[in-house]
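Presented below is the structure to which this report refers.
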Amino acid sequence: MSDETQKTTHFGNETIPEGEKAGRVHGVFTSVASKYDVMNDVMSAGIHRLWKDAMMDWLAPRDGQRLLDVAGGTGDIAFRFLRRAPGASAVVCDMTESMLISGQQRAEAEKQADRLEWIVGDAMALPFEDNAFDVYTISFGIRNVTRPADALAEAYRVLRPGGRLMVLEFSQLPNPGLQWAYDRYSYNVIPAMGQLIANDRDSYQYLVESIRQFPDQETFLGMIRDAGFGQAKYRNLTMGVAALHSGWKL
């Protein structure tokens with residue numbers, strides 16, 4: 001057996017061969033695509049919208065920039081970016097076509113069609129040339145990538161010199177008591193909501209488990225620096241329930 005076939009990774013709390021993860025993640029998001037936006041609002045009581053607005057505040061989109069939003073799903077980040085910079089353009093890239101189709105059916109997509117592309121692609125092997133984008137974003141997606149370090153390397157490759165990386169992802173609360181309470185909510189309430197609203201408990205059980213498997217803020221910051229990004233920093237959101245990480249291709 002080759003070393004490659006022996007490599008394993010996490011799928012939630014389950015350990016699986018690396019080669020299986022992309023297909024299983026694809027299955028999760030194909031299953032939840034039609035209810036994805038509704039569930040985001042329900043699970044976070046709408047707070048995910050504030051987090052995404054905070055991302056835009058720090059990012060400060062400008063006219064003339066070209067955004068690549070990876071694992072961009074239904075277009076939330078791209079729509080926000082283009083509203084703030086009407087003279088910019090954006091590409092939404094996601095491995096799950098049904099998520100992109102759901103995004104294209106949103107009213108914003110038609111209004112911004114001349115500045116917005118939807119591309120099926122893998123975060124670890126992006127279908128774009130080197131130095132092609134000014135901004136790379138990925139929101140609540142990098143924890144689902146089989147090898148996050150490879151995704152960060154691809155982000156560095158496709159960004160132009162002076163380009164900006166920004167990652168929005170669930171993270172870890174620094175207070176153990178608050179983390180305990182948040183874990184109880186996550187494990188007991190979110191899968192039940194998934195069953196009630198999306199008729200899919202298992203997918204939301206995986207999404208909760210995947211948050212716990214993702215590196216904490218400082219560890220992920222180190223991964224961004226290892227990928228070559230300079231001026232790497234992070235900001236906690238809602239006490240660390242989520243975090244924004246930023247870096248520059250200098």
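The values are calculated or read from the model by the stated rules, or taken from the named source; none is laboratory data. Since the model is a prediction, treat every value here as computed from it, not as a measurement. Reconstructed Cβ throughout: ideal geometry from the backbone, glycine too, with neighbour counts over all protein chains shown.
If you go through segment 42-83 and keep only what is within 21 Å of LEU100 (Cβ to Cβ), free of Cβ contacts under 8 Å to residues at least 40 places away in the same chain and charged (D, E, K, R), you end up with ARG49, ARG80, ARG83. Evaluate segment 194-207: report whether one residue or more is over 14 Å from VAL167 (Cα atoms), within 15 Å of the chain's Cα centre (by Cα) and either modelled with pLDDT under 85 or among the β-branched types (Val, Ile, Thr) (or both). The answer is yes; a qualifying residue exists.
Tell me yes or no: at least one residue of segment 21-39 is outside any helix (DSSP H, G or I) and either under 19 Å from TYR136 (Cβ atoms) or touching a residue at least 12 places away in the same chain (Cβ under 8 Å) (or both). No; the residues of segment 21-39 include none that is outside any helix (DSSP H, G or I) and either under 19 Å from TYR136 (Cβ atoms) or touching a residue at least 12 places away in the same chain (Cβ under 8 Å) (or both). Here GLY73 meets each of (1) at pLDDT below 95; (2) more than 14 Å from the chain's Cα centre (by Cα); (3) small (Gly, Ala, Ser) with one exception, condition (2). Cβ-Cβ distances below 6 Å connect the following pairs, each with a first residue in segment 94-122 that is crowded, with 18+ Cβ neighbours inside 10 Å, a second residue that is among the charged types (D, E, K, R), and a separation of six or more residues or different chains: MET95/ASP122; LEU100/ASP94.
Is it true that some residue in segment 180-188 is on the phi < 0 side of the Ramachandran plot, under 18 Å from the mean Cα position of the chain (by Cα) and among the charged types (D, E, K, R)?
Within segment 180-188, the first condition is being on the phi < 0 side of the Ramachandran plot, and the residues that meet it are 180-188.
Now restrict to residues that are under 18 Å from the mean Cα position of the chain (by Cα): none.
No, there is no match, as no residue in segment 180-188 is on the phi < 0 side of the Ramachandran plot, under 18 Å from the mean Cα position of the chain (by Cα) and among the charged types (D, E, K, R).
Of the helices (runs of 4 or more DSSP H) contained entirely in segment 102-199, those carrying at least 3 residues that are hydroxyl-bearing (Ser, Thr, Tyr) fall at 176-198. The residue of segment 149-164 that is nearest to ALA54 (Cα to Cα), among those that are touching a helix residue (DSSP H, G or I) at 6+ places or on another chain (Cβ under 8 Å) and crowded, with 22+ Cβ neighbours inside 10 Å, is ARG164.
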